[in-house]
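Following: one structure in structure tokens, then a few remarks.
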Amino acid sequence: MAVDTVLTIAEIRSVVAKWRQAGEKVAFVPTMGALHDGHLSLVLQARAEGARVVVSIFVNPLQFGPSEDFARYPRTLKDDVEKLQTVGADVVFAPAAAEIYPVAFQTSVINKKMSEGLCGKFRPGHFEGVLTVVLKLLNIVAPDMALFGKKDYQQWRLIERMAKDLEIPIEILGCDTIREKDGLAMSSRNRYMSAEEREESALIYKGLSSAKAAWERGERSLDKLTALFKDSISQCPRMKIQYAEIVDRFSLEPAGATVAEKSLVMIIAVLFGDVRLIDNLEF
Ligand code: PAF
């Protein structure tokens, strides 16, 4: 069956209401389009939960800073819908900006702590834009569960936090990062790289993996672990580390100078000219 695309809040609510009346479970995968296998794996996971699957495609202007890539962000709706068809999504919600942000719109969601470090430090206002649109979309679709990729680790944890803090009765699931053969995390922004940059970008996962391997061999100095990542990136002088931190997986607070056993994650952002790549690995 073809995947229907609906454009308005009223239409998507009426589709979901029919499923609810029939006693079906509803899963939601919010995206900004330019879909890759990482997104498709979220849909497959939602289907495995036995749920109807709604995918939203909306390039959210609120989460881009004035000098960021909102204008050039790839918009590939037709292609995206075809891909969603192959993995059995049920409906695509692709609203226009005016549907989500009508003229009188003036409310937003601000996290006052976990949003401040890591990406939040370099992208002021970004997470306010993300949380605001995600809360709106959750209120519109009203699913049982929503699925997010762990590639955007801070985003996933912030959404989880928002759901707890604001008593949103929806299960928030974090799903494993899907990687290319050489380890690069799949991202809609990978297409901005030249062939040469694409090849060199494999150093990111290599660096994360060597830090994790050292952790597994018993290395507990965070400086030494971070240095292993930095060594890998330094092999390509055009690649600049924006940040590389080892933090607690749940609070995203810095893990201290040396640590005993703890649930940690190394989170990084790297700049390749004007392409910004993020990734992480749980230790
Ligand atoms: O991860 C994304 O694609 C976006 O940040 C999201 C969650 C769809 C909100 O616009």
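So, Pro124, is that one closer than 28 Å to Arg13 by Cβ, assigned to a loop (DSSP other than H, G, I, E, B), more than 9 Å from the ligand (Cβ to nearest atom) and of a type outside the set (Ser, Thr, Tyr) or not? Spelling it out, it is not the case that Pro124 is closer than 28 Å to Arg13 by Cβ, assigned to a loop (DSSP other than H, G, I, E, B), more than 9 Å from the ligand (Cβ to nearest atom) and of a type outside the set (Ser, Thr, Tyr).
Counting only residues that are more than 10 Å from the ligand (Cβ to nearest atom) and more than 14 Å from Ala142 (Cβ to Cβ), which one in region 13-34 is surrounded by the most Cβ atoms within 10 Å (Cβ to Cβ)? Checking each candidate, the answer is Ala22.
Just for strands (runs of 3 or more DSSP E) wholly inside region 17-116: which have at least 1 residues that are under 16 Å from the mean Cα position of the chain (by Cα)?
It comes to 26-31, 52-57.
Candidates are the residues of region 147-163 that are in contact (Cβ under 8 Å) with a residue 40 or more places away in the chain, closer than 23 Å to Gly50 by Cα and more than 8 Å from the ligand (Cβ to nearest atom); the one that is least open to solvent (accessible area, probe 1.4 Å) is Leu147.
Look at Arg179 and say whether it is open to solvent by 50 Å² or more (accessible area, probe 1.4 Å), within 16 Å of the ligand (Cβ to nearest atom) and either out of contact with any Cys (no Cβ under 8 Å at 6 or more places or on another chain) or not aliphatic (A, V, I, L, M) (or both).
Answer is no for this residue.
Residues satisfying the criterion are present in region 53-70 (criterion: buried (at least 20 other Cβ atoms within 10 Å of the Cβ), closer than 21 Å to Met162 by Cβ and small (Gly, Ala, Ser)).
A single member of Gly88, Gly125 is touching a residue at least 24 places away in the same chain (Cβ under 8 Å), over 17 Å from Leu35 (Cβ atoms) and open to solvent by less than 60 Å² (accessible area, probe 1.4 Å), and it is Gly125. If the condition is being on the phi > 0 side of the Ramachandran plot and open to solvent by 50 Å² or more (accessible area, probe 1.4 Å), then region 239-278 contributes only Gly273.
Considered as a group, the residues in region 201-222 that are in contact (Cβ under 8 Å) with a residue 40 or more places away in the chain and either among the basic types (Lys, Arg) or farther than 21 Å from Lys150 by Cβ (or both) include one that is surrounded by the most Cβ atoms within 10 Å (Cβ to Cβ), and that residue is Lys212.
The values are calculated or read from the model by the stated rules, or taken from the named source; none is laboratory data. Note that the coordinates shown come from a computational prediction; the quantities given were computed from them, not determined experimentally. Using ideal geometry, Cβ is built from the backbone for each residue, glycine included, and neighbour counts are taken over all protein chains shown. Only protein heavy atoms, including side chains, enter the accessible area calculation; ligands, DNA and RNA are left aside. Shrake-Rupley method; radii C 1.70, N 1.55, O 1.52, S 1.80 Å.
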